[in-house]
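The values are calculated or read from the model by the stated rules, or taken from the named source; none is laboratory data. These numbers were taken from a predicted model, which means no experiment stands behind them. Note that each Cβ is placed from the backbone with ideal geometry, even for glycine, and that neighbours are counted across all protein chains shown. Accessible surface areas use protein heavy atoms only, side chains included; no ligands, DNA or RNA. Shrake-Rupley method; radii C 1.70, N 1.55, O 1.52, S 1.80 Å.
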Amino acid sequence: MKIGEALRKERIKLGLTQDQMCAGILSRPFYARIESGKNRINAESLFKILLEHQVDLVEFCDLIQDDYTSEERKVEKQFEFKMNLAVSAKDTEALDKYCQQIMNSSNNEVLKLRALITSAYFKGETDKIDVEIRTKIKAEFDGGNNLLE
């Protein structure tokens, strides 16, 4: 959902007119063009409107995230979701499968390292993690805390 559509949805949910929704922030004609997708709203005005009407920012972002998230990030989120389900079920077979898929298709190094760690942990094989991978893990996650020890 685009920002204008989400604003309209929130406004209707609040039982407000366009004038009431944008009062003191934007002109009503300009706001109407935002809702219809003809104009864009700047971040400052958007936040003023949302905060003025106590719109939950997380819920608002949930409404619009699909339209503003890259395809690559959507795939990564799907992998993260699948990995979380497999972790919850303690399904090491699924963890291995998703780990392999991530290793073969993702460009996100942190996601790859997380998948490797998770898979190794649930199989009780953290001691078998390659030295080069351990170095990457330490550099990315450890922050000098010797967590791998």
Next on the checklist: Kindly evaluate A32 against the criterion of being closer than 23 Å to F141 by Cβ and open to solvent by less than 60 Å² (accessible area, probe 1.4 Å).
Outcome noted: no
Checklist entry - Yes or no: G24 over 30 Å from R114 (Cα atoms) and assigned to a loop (DSSP other than H, G, I, E, B)? => result yes
Checklist entry - Would a scan of region 40-47 turn up a residue that is under 18 Å from M1 (Cβ atoms), buried (at least 17 other Cβ atoms within 10 Å of the Cβ) and modelled with pLDDT of 95 or more? => result yes
Next on the checklist: L14 - would you say it is more than 23 Å from the chain's Cα centre (by Cα) and farther than 20 Å from T69 by Cβ?
Outcome noted: yes
Next on the checklist: Which pairs turn up if I take residues in region 89-106 that are open to solvent by less than 20 Å² (accessible area, probe 1.4 Å) and look for partners that are in a helix (DSSP H, G or I) and aromatic (F, W, Y) with beta carbon separation below 9 Å, at least 6 apart in sequence or on another chain?
Outcome noted: L95/F122; I102/F79; S106/F79
Checklist outcome for this item: For region 2-21 the number of residues that are part of a helix (DSSP H, G or I) and either exposed (fewer than 14 other Cβ atoms within 10 Å of the Cβ) or free of Cβ contacts under 8 Å to residues at least 12 places away in the same chain (or both) is 5
Checklist outcome for this item: Considering region 59-88, residues that are among the aromatic types (F, W, Y) and surrounded by 12 or more Cβ atoms within 10 Å (Cβ to Cβ), and then whichever is modelled with the highest pLDDT, we arrive at F60
